[in-house]
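Asks: A single structure is presented below for examination.
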Amino acid sequence: MTTPEITIATPADRDAVVVSLVAAFVKDPVLRYLFPDEDTYPVHAAAFFGHLFDKRVHLSSIWTIGAGASVAIWEPPADPATGGHDDGGGGFAGHFPADVLARVQAYDDAVHAALPTVPFWYLGVLGTHPDHAGRGWGRAVMRAGLARAAADGLPTVLETSNPANVELYRRAGWEVAGHLPEPVPTWIMRQQPL
């Protein structure tokens with residue numbers, strides 16, 4: 001089977017990307033902490049991933065494969081003039097009820113406090129629709145962002161709350177750089193430029 005071409009997402013890819021990510025993260029510990037209700041998970045997760053997509057699509061830092069079946073949403077290094085990486089939690093007001101918004105903000109605050117203060121590329125979301133899992137597409141779209149970071153000579157950072165993913169990322173060259181016990185056990189991982 002031939003691997004489809006990796007492309008940089010455009011606004012036209014939004015719906016396919018959101019559908020893939022909602023399906024990919026249905027059992028993810030962080031997403032289930034943020035959106036524990038089975039009935040509202042699809043709507044809240046779609047709003048969450050749609051917001052992340054909208055904030056980054058203009059940065060040309062979202063790579064997709066298979067018409068959005070696998071997605072890597074990367075955030076480029078922060079602009080020194082504004083400091084810090086983009087605060088993902090702050091833009092969700094109006095999308096969620098107060099209790100959900102509080103969980104999103106608490107998780108976002110905890111992760112951002114643990115991130116490095118030096119410039120880095122941030123892999124915020126990596127997911128593959130379950131119908132396309134096992135084809136290596138996730139690793140392929142991740143590598144596109146790693147190559148971009150390497151071209152900038154910068155390290156990369158991600159976080160995962162899924163213990164099984166820690167070893168998968170290690171095999172892809174990532175190292176554990178820290179662990180957050182709360183609000184959801186989360187590993188911060190880092191990779192030096194390729």
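Asks: When the Karplus curve 6.51 cos²θ - 1.76 cosθ + 1.60 is applied with θ = phi - 60°, which whole-Hz ³J(HN,Hα) does each residue of the stretch 157-171 get, with x for Gly and Pro?
Replies: Whole-Hz 3J(HN,Hα) from phi for the stretch 157-171: 9, 9, 10, 9, 9, 9, x, 5, 6, 4, 5, 4, 5, 4, 5.
Asks: Based on alpha-carbon centroids, what's the gap between the stretch 166-194 and the stretch 12-63 in Å, whole number please?
Replies: Between the Cα centres of the stretch 166-194 and the stretch 12-63 lies a distance of 21 Å.
Asks: Something else about it: Report P(r) for the chain: all Cα-Cα distances, bin width 10 Å, range 0 to the bin holding the largest distance, values in whole percent.
Replies: The distribution over the chain is 9, 37, 41, 12, 1, given as percents.
Asks: Which of the listed residues, Ile62, Leu52, Leu180, is farthest toward the dipole's positive end in the chain, when Lys, Arg count +1 and Asp, Glu count -1 at the beta-carbon?
Replies: Of the listed residues, the answer is Ile62.
Rule-based calculations on the coordinates, nothing more; no lab input. Treat the numbers as computed from the prediction; the structure is a model and nothing was measured. Glycine also receives a Cβ, built like all others from the backbone with ideal geometry; neighbour counts cover every protein chain displayed.
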